[in-house]
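Every read-out reported here was derived from the displayed coordinates using simple, explicitly stated rules and does not represent laboratory data. Predicted model, so just to flag it, every value in this text is computed and none were measured. Don't worry about glycine lacking a Cβ; one is built from the backbone with ideal geometry, like all the others, and counts go over all protein chains shown.
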């Protein structure tokens, strides 16, 4: 088995592995389900990995992609963003080898911590993370529901779109994007996923009626997809809970595989 940075010729296989490894419903809520996600990954792997803060490593058996790891780098943290293995060879140690490659990268970059997110329904994966030194540091609760406002565009609402041209280009290219909106109450960044969802990660968004009214004008047909640090959302009781995930964190030197990498 070889572990190498991915190139554009492997992007279709990456998408196949993600789709085969995720719950179909959760997959439909993510950027991975967007038709333009392939374009997005192509853009990433076209950058030499030495110069990128997002790196895809592939595990190859006889030139075939058997699994991959996506790492995202910040100043002090390497985040294991995605790890997927071909269904027929799960449990064969490929995931461990990919995680070790990420650990080696963190060591090379003098990074102090590792993080990863796991959906709470993935009990086996959560147990594996805990065995190897990770601990849960926070949880995120996912909710879905309709925007409670149905505002006529003639209503006097004060808001400004700060990056709409860039949002429009990204949406056409990747089918997901980030929209920056300013109201009298604050500035917000809203995720647009496919043509279906408004992804909200800042709970203050739900407390700003001007923002919600603005979204009902700009994107009247989208559903709210809210990621909250709290299991209770008082401001919008109509939202329905759909799932939760845990953020795991580990000091690099305390990671089980740290001593196995050079």
Query - Theoretical gain in end-to-end length, residue 241 to residue 209 [0.36 nm per residue, Cα-Cα removed] - result: 9.4 nm
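Once you have a ≥ b ≥ c as the square roots of the Cα gyration tensor eigenvalues for segment 65-140, tell me rounded if a/c is under 1.5, and otherwise prolate or oblate according to whether a/b is larger than b/c.
Values: a/c = 1.91, a/b = 1.19, b/c = 1.61.
Since a/c reaches 1.5 but b/c is at least a/b, the shape of segment 65-140 is classed as oblate.
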Requested in this report: Using only Cα atoms, find the angle between the long axis of helix 209-218 and the longest principal axis of the chain, and express it within 0 to 90 degrees, rounded to the nearest 10.
Outcome: 80
Query raised in the report: With the contact rule set at Cα under 8 Å and sequence spacing of 6 or more, what percent relative contact order holds for segment 147-237?
Result: 29
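Quote the relative contact order of the chain in percent (integer), defining contacts as alpha-carbon pairs under 8 Å separated by 6+ residues.
Values: 471 pairs, mean separation 58.8, N = 262.
Over the chain, the number comes to 22 percent.
Does segment 147-237 come out rounded, prolate or oblate, given a ≥ b ≥ c as the square roots of the eigenvalues of its C-alpha gyration tensor, rounded meaning a/c under 1.5 and, failing that, prolate meaning a/b above b/c? Provide the component values of the computation, followed by the final result.
Values: a/c = 1.56, a/b = 1.16, b/c = 1.34.
Here segment 147-237 falls in the oblate category.
Within the chain, what percent of beta bridges assigned by DSSP are antiparallel, to the nearest 5? Working shown, then result.
On the way: 54 of 62 bridges.
So the antiparallel bridges amount to about 85 percent of the total.
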Requested in this report: Please work out the C-alpha center-to-center distance from segment 1-74 to segment 234-262 and express it in whole Å.
Outcome: 20
Query raised in the report: With each pseudo-label sitting 7 Å past Cα toward Cβ, what's the residue 9-residue 217 distance in nm, one decimal?
Result: 5.2
Report summary line: Taking R0 as 35 Å and r as the Cβ-Cβ distance between residue 121 and residue 160, the FRET efficiency 1/(1 + (r/R0)^6), rounded to the nearest 0.05, comes to 0.30
Query raised in the report: Tell me, how many Å apart are the Cα centres for segment 83-128 and for segment 185-219?
Result: 33
Report summary line: For the pair residue 81 and residue 28, the simple spin-label estimate (label points 7 Å beyond Cα toward Cβ) gives in nm 2.5
Query - At R0 = 35 Å, FRET efficiency that the Cβ-Cβ distance of residue 254 and residue 196 yields, to 0.05 - result: 0.30
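Contact order normalised by length for segment 22-101, with contacts defined as Cα pairs under 8 Å and 6 or more residues apart; what percent is it?
On the way: 80 pairs, mean separation 14.6, N = 80.
Averaging sequence separation for qualifying contacts and normalising by length gives 18 percent for segment 22-101.
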Query - Cβ-derived FRET efficiency at R0 41 Å, residue 62 paired with residue 232, nearest 0.05 - result: 0.20
Query raised in the report: Hey, rough spin-label estimate for residue 42 and residue 144, points 7 angstrom out along Cα→Cβ, what's it come to in nanometres?
Result: 2.9
